[in-house]
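The values are calculated or read from the model by the stated rules, or taken from the named source; none is laboratory data. Model, not experiment: these values are computed from the prediction. Here the Cβ is made from the backbone with ideal geometry for all residues, glycine too, and neighbour counts use every protein chain on show.
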Amino acid sequence: MVKRSLSITIATLLFLAAPLVQAHEARVEEVINNPTVTCEKAFSIDVTLEIWNRILDNPCLMGRLWEMYSFQPSYKVTRVDTDIHVSDPSGITGDIRQVGQSDHARTFFGTGWFDHWAVPSSFTANGVVIFEYNTDRNGLSGEVKILIRGNNGISRFAIRIFSGILTLRIDNRFKNNLEDMKKIIRDIANDPNKVREALTGQLLSDFNKVFPEMEINLAEE
């Protein structure tokens, strides 16, 4: 049972690539200054700075588009007050909030846990995800840094034991998720009407607020 619990704990922590902000500045600083594990990943993407910043600023909208495109894992994304609540079919659950931004950076803070009978409720972790990026001739390139800190001694012990596996799995999940997300981004940048035609109701309204038709058309010219 201990082995099973630890393996599920690892899966829980992987979700912090899209992490809860319960929100004291001190908790953010604690994760940044004393993480249990750190993962850094370079990335590049063919998109304008303006569109990329809007994408990072609207994770709930992007999560709903992810569902519409039927990508895997099948994340469920909902807004809870000022937080974004995210879960996937395995029971990995987390809440996320943006806590910092500049023209070329975004910072998120979150908490992840596992909604599963076999996992003790004490297995939780805070995480900080920092995106830093600049424009280049191919669009954007930058680095994402994921810092994770267990909320208690048991969680930190488990993270340290499996830090190598955990870092590899986070790296793989980020890479795979980004490749799928690029397909959505290409449609938003190059064929936004294709996206609009598939949307209805509040989702269509939200998309038009974030990506006004006139502004995208001007950017294409």
Which numbered condition trips up F123, out of (1) assigned to a loop (DSSP other than H, G, I, E, B); (2) hydrophobic (A, V, I, L, M, F, W, C); (3) surrounded by fewer than 20 Cβ atoms within 10 Å (Cβ to Cβ)?
(3)
Out of region 146-168, which residues are basic (K, R) and buried (at least 16 other Cβ atoms within 10 Å of the Cβ)?
R149, R156
Residue count, region 70-111 (criterion: assigned to a loop (DSSP other than H, G, I, E, B) and within 19 Å of I51 (Cα to Cα)):
2
Need the failing condition index for D83 against (1) surrounded by fewer than 17 Cβ atoms within 10 Å (Cβ to Cβ); (2) in contact with a strand residue (DSSP E or B) (Cβ under 6 Å, 6 or more places away or on another chain); (3) among the charged types (D, E, K, R), just the number.
(1)
Which condition number does F131 fail, the rest of (1) of a type outside the set (A, V, I, L, M); (2) under 26 Å from D57 (Cα atoms); (3) in a helix (DSSP H, G or I) being met?
(3)
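Here is a yes/no grid of residues against (1) touching a Lys or Arg at 6+ places or on another chain (Cβ under 9 Å); (2) among the hydroxyl-bearing types (S, T, Y):
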{"residue": "I165", "(1), (2)": "no, no"}
{"residue": "F174", "(1), (2)": "yes, no"}
{"residue": "E179", "(1), (2)": "no, no"}
{"residue": "R186", "(1), (2)": "no, no"}
{"residue": "S205", "(1), (2)": "no, yes"}
Can you name every residue in region 27-49 that is surrounded by 14 or more Cβ atoms within 10 Å (Cβ to Cβ) and over 14 Å from N134 (Cβ atoms)?
R27, V28, E30, V31, I32, P35, T36, V37, T38, C39, K41
In region 24-44, residue modelled with the lowest pLDDT [restricted to those that are among the charged types (D, E, K, R) and over 25 Å from S141 (Cα atoms)]
E25
Of the residues in region 118-154 that are within 29 Å of Q101 (Cα to Cα) and among the hydroxyl-bearing types (S, T, Y), the one that is modelled with the lowest pLDDT is T124
